[in-house]
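Below is one structure; the comments refer to it alone.
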Amino acid sequence: MTFQEQLQNDLQQAMKARAEARLSVLRMMKAAIHHKEVEAMKPLDEAACFQVLGTLIKQRRDSAEQFRKGNRPELAEKEENEITVIESYLPAAPSEEEMEQAIAAAMAETGVTSLKQMGVVMKAAQAKLAGKRVDGKTLSERVRAKLS
């Protein structure tokens, strides 16, 4: 079963169960994926779908942060609940150890030792962590720390 078929099945289950909060998030996910498909003028593969979901998570985190700053904890809570639902569809994030190993392997493979060539190490490390949900900001901070 493809990711989009799974999403559709879960959407139908949420409708039958009358789970309004979950249903809302699933519809939003499906709409975002469909919008990206229309934009690309072709069906998205699983990796592209996960990329769209990653963008949705990032948007929700930013919104939750802004709601907390604006003293609106109930809206921040809603955004965080949406993040939880979206994350349940993404592959697991790499552990600390896996991330360190990927960075070390990427540095050894590329032979880069200066901060100026950080992009080369980042690209290699992301390739090593393919299939996992990698936060680019966290990876960047770790690579920067290793190179400096």
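The values are calculated or read from the model by the stated rules, or taken from the named source; none is laboratory data. Owing to the predicted nature of the structure, the values given are computational and were not obtained by experimental measurement. Counting neighbours? That spans all protein chains shown, and the Cβs are built from the backbone with ideal geometry, glycine included.
Report the residue count in the stretch 14-31 for those that are surrounded by fewer than 13 Cβ atoms within 10 Å (Cβ to Cβ) and more than 17 Å from E87 (Cβ to Cβ).
Going residue by residue through the stretch 14-31, those that are surrounded by fewer than 13 Cβ atoms within 10 Å (Cβ to Cβ) are 16-18, 20-21, 31.
Filter again for more than 17 Å from E87 (Cβ to Cβ), leaving 16-18, 20, 31.
Final tally of qualifying residues: 5.
Select, from E74, E79, the only residue that is outside the structural domain of D135 (by TED's automatic domain parsing), exposed (fewer than 14 other Cβ atoms within 10 Å of the Cβ) and not in a loop (DSSP other than H, G, I, E, B). Before you say what the answer is, go through the steps one by one.
Values: E79 fails: exposed (fewer than 14 other Cβ atoms within 10 Å of the Cβ).
That would be E74, the only listed residue that is outside the structural domain of D135 (by TED's automatic domain parsing), exposed (fewer than 14 other Cβ atoms within 10 Å of the Cβ) and not in a loop (DSSP other than H, G, I, E, B).
Please go through (1) surrounded by fewer than 14 Cβ atoms within 10 Å (Cβ to Cβ); (2) assigned to a helix (DSSP H, G or I); (3) not acidic (D, E) for A92 and return the number of the only condition it doesn't satisfy.
For A92, the exception is condition (2).
Determine whether the stretch 7-24 contains at least one residue that is within 19 Å of the chain's Cα centre (by Cα), closer than 27 Å to A130 by Cα and at pLDDT below 95.
Within the stretch 7-24 (the criterion being within 19 Å of the chain's Cα centre (by Cα), closer than 27 Å to A130 by Cα and at pLDDT below 95), the answer is yes, since at least one residue qualifies.
Output yes when any residue across the stretch 57-64 is part of a helix (DSSP H, G or I), within 19 Å of L26 (Cβ to Cβ), in contact with a Leu (Cβ under 7 Å, 6 or more places away or on another chain) and at pLDDT 90 or above, and no when none is.
Looking through the stretch 57-64, none of the residues is part of a helix (DSSP H, G or I), within 19 Å of L26 (Cβ to Cβ), in contact with a Leu (Cβ under 7 Å, 6 or more places away or on another chain) and at pLDDT 90 or above.
Just to check your reading of the model, which residue among K69, K42 is under 23 Å from A31 (Cα atoms), assigned by TED's automatic domain parsing to the domain that holds A21 and free of Cβ contacts under 8 Å to residues at least 24 places away in the same chain?
Going through K69, K42 in turn, just one is under 23 Å from A31 (Cα atoms), assigned by TED's automatic domain parsing to the domain that holds A21 and free of Cβ contacts under 8 Å to residues at least 24 places away in the same chain: K42.
Give me the pairs: first residue in the stretch 122-148 and closer than 25 Å to E46 by Cβ, second residue among the β-branched types (V, I, T) and assigned to a helix (DSSP H, G or I), beta-carbon distance under 8 Å, and six or more apart or on different chains, which are they?
Close Cβ pairs satisfying both conditions: M122/V143; A124/T110; A125/I103; A125/V143; L139/I103.
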